[in-house]
Amino acid sequence: MLVTFVGGDDGPWHIERNEPVRGEGLSPASRLRVFEGTAPPVGGRWALRGVTSNERYVTAVEQMELGRRSPGLGRTGATMAALIPIRKSDAWWMLPQDERRAIFEDRSHHIATGLRYLPAVARRLHHGRDLDELFDFLTWFEFAPSDSSGFEELVAMQRETEEWSFVEREVDLRLVRSD
């Protein structure tokens with residue numbers, strides 16, 4: 001499924017923070033709208049596109065555990081969100097698949113770390129690299145205000161890993177739903 005995140009002046013998500021972590025940031029915007037499907041969005045200061053796809057870098061056991069413990073998006077109490085677009089370096093993409101998996105999970109423990117925060121934090125990953133977008137990944141998270149400190153802990157832990165040494169551009173957007 002194609003998903004487009006549009007930053008502008010309207011939408012149900014109020015953008016509280018829009019900060020570059022590495023590399024260039026995004027233009028200021030006060031609201032975010034999420035479009036699912038092929039209808040092209042109109043307006044906005046920027047649009048980020050990605051597609052949902054199969055889980056990558058996971059074993060069968062990890063995939064089953066993620067499926068069992070992952071909540072759906074749009075839960076009533078999950079009024080906070082984060083959109084974290086990421087682009088990895090050419091060095092990352094030049095590595096063979098097995099070496100990326102080794103860095104991703106065996107050494108950086110990306111999946112194992114994320115599992116500790118489920119089901120409090122719902123997540124959905126969108127792939128933009130094959131669409132020739134600015135970002136390889138658009139990571140979307142939703143959580144309740146009471147789980148915000150846990151989410152901050154999760155993000156901080158991920159950014160300290162070997163995997164994150166391959167990130168050349170990252171923007172951190174934090175949002176609050178206010179329909």
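Using alpha-carbon pairs under 8 Å, 6+ residues apart, how would you state the relative contact order of region 4-62 in percent?
On the way: 81 pairs, mean separation 25.7, N = 59.
Relative contact order, region 4-62: 44 percent.
Please work out the C-alpha center-to-center distance from region 1-19 to region 31-70 and express it in whole Å.
For region 1-19 versus region 31-70, the Cα centre distance is 14 Å.
Could you work out Rg/(2.2 N^0.38 Å) for the chain, with Rg from alpha carbons only? Don't skip to the answer; put the middle values down first.
Values: Rg = 15.8 Å, N = 179, 2.2 N^0.38 = 15.8 Å.
That ratio works out to 1.00.
First check a/c for region 106-163, with a ≥ b ≥ c the square roots of the eigenvalues of its C-alpha gyration tensor; if it is under 1.5, answer rounded, and if not, answer prolate when a/b is larger than b/c or oblate otherwise. Please list the in-between numbers first.
Numbers: a/c = 2.22, a/b = 1.37, b/c = 1.62.
Taking the square roots of the gyration eigenvalues as a ≥ b ≥ c, region 106-163 is oblate.
What's the angle, to the nearest 10 degrees (0 to 90), between helix 60-69's Cα axis and the longest principal axis of the chain?
40 degrees
How high is the relative contact order of the chain, given as a whole-number percent (alpha carbon pairs under 8 Å, six or more residues apart)?
Working: 362 pairs, mean separation 62.9, N = 179.
Across the chain, relative contact order equals 35 percent.
Bear in mind that the values in this text are calculations on the coordinates, not laboratory data. The structure presented is a predicted model; accordingly, all values stated were derived computationally and were not measured.
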